[in-house]
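Undergrad: Have a look at this one before I ask anything.
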Amino acid sequence: MKQGIHPQNYRFVVFKDMSNGTSFLTRSTAGSKETIKWEDGNEYPLIKLEISNTSHPFYTGQKVLVDTAGRIDKFNKKYGKK
């Protein structure tokens, strides 16, 4: 393995999903100016997320209907051979 290419400043960081309020503590090199008090009473840097595994449709099982047939018809109508 190559030496000196991996970051050395891993620290504990709280990631918070802003869409549903779920938070989790993990190690990361991501920087943040905001902090949050965690369940263990310590202050950790806070990284805000728009979506995480607790709110993403792939992980939650909530399927979103995608109108692929309509898109294909629209594409063929616009760019199809005449």
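Undergrad: Please work out which residue is surrounded by the fewest Cβ atoms within 10 Å (Cβ to Cβ), limiting yourself to region 1-36 and to residues that are of a type in the set (Lys, Arg) and within 11 Å of Ile47 (Cα to Cα). Break it down into steps so the answer makes sense when it comes.
TA: Step one: filter region 1-36 for residues of a type in the set (Lys, Arg), giving 2, 11, 16, 27, 33.
Right, trim to within 11 Å of Ile47 (Cα to Cα) and you get 16, 33.
Values: Lys16: 16, Lys33: 6.
Here the residue is Lys33.
Undergrad: Checking Ile36 against (1) under 17 Å from the mean Cα position of the chain (by Cα); (2) among the aliphatic types (A, V, I, L, M); (3) modelled with pLDDT of 90 or more, which single condition isn't satisfied?
TA: Of (1) under 17 Å from the mean Cα position of the chain (by Cα); (2) among the aliphatic types (A, V, I, L, M); (3) modelled with pLDDT of 90 or more, only one is false for Ile36: (1).
Every residue, every condition in (1) at pLDDT below 95; (2) part of a loop (DSSP other than H, G, I, E, B), yes or no:
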| site | (1), (2) |
| --- | --- |
| Lys2 | yes, yes |
| Leu46 | no, no |
| Ser52 | yes, yes |
| Ser55 | yes, yes |
| Leu65 | yes, yes |
| Arg71 | yes, no |
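Undergrad: Also: Select from region 37-59 the residues that are hydroxyl-bearing (Ser, Thr, Tyr) and in contact with an Asp or Glu (Cβ under 9 Å, 6 or more places away or on another chain) and write down the one among them that is surrounded by the fewest Cβ atoms within 10 Å (Cβ to Cβ). Even if it seems obvious, please write down each step before you answer.
TA: Just the residues of region 37-59 that are hydroxyl-bearing (Ser, Thr, Tyr), to begin with: 44, 52, 54-55, 59.
Within this subset, residues satisfying the condition of being in contact with an Asp or Glu (Cβ under 9 Å, 6 or more places away or on another chain) are 52, 54-55.
Details: Ser52: 17, Thr54: 15, Ser55: 17.
The qualifying residue surrounded by the fewest Cβ atoms within 10 Å (Cβ to Cβ) is Thr54.
The values are calculated or read from the model by the stated rules, or taken from the named source; none is laboratory data. Every value quoted in this text rests on a predicted model; they were computed, and no experiment measured them. Glycine gets a Cβ as well: all are built from the backbone with ideal geometry, and neighbour counts include every protein chain shown.
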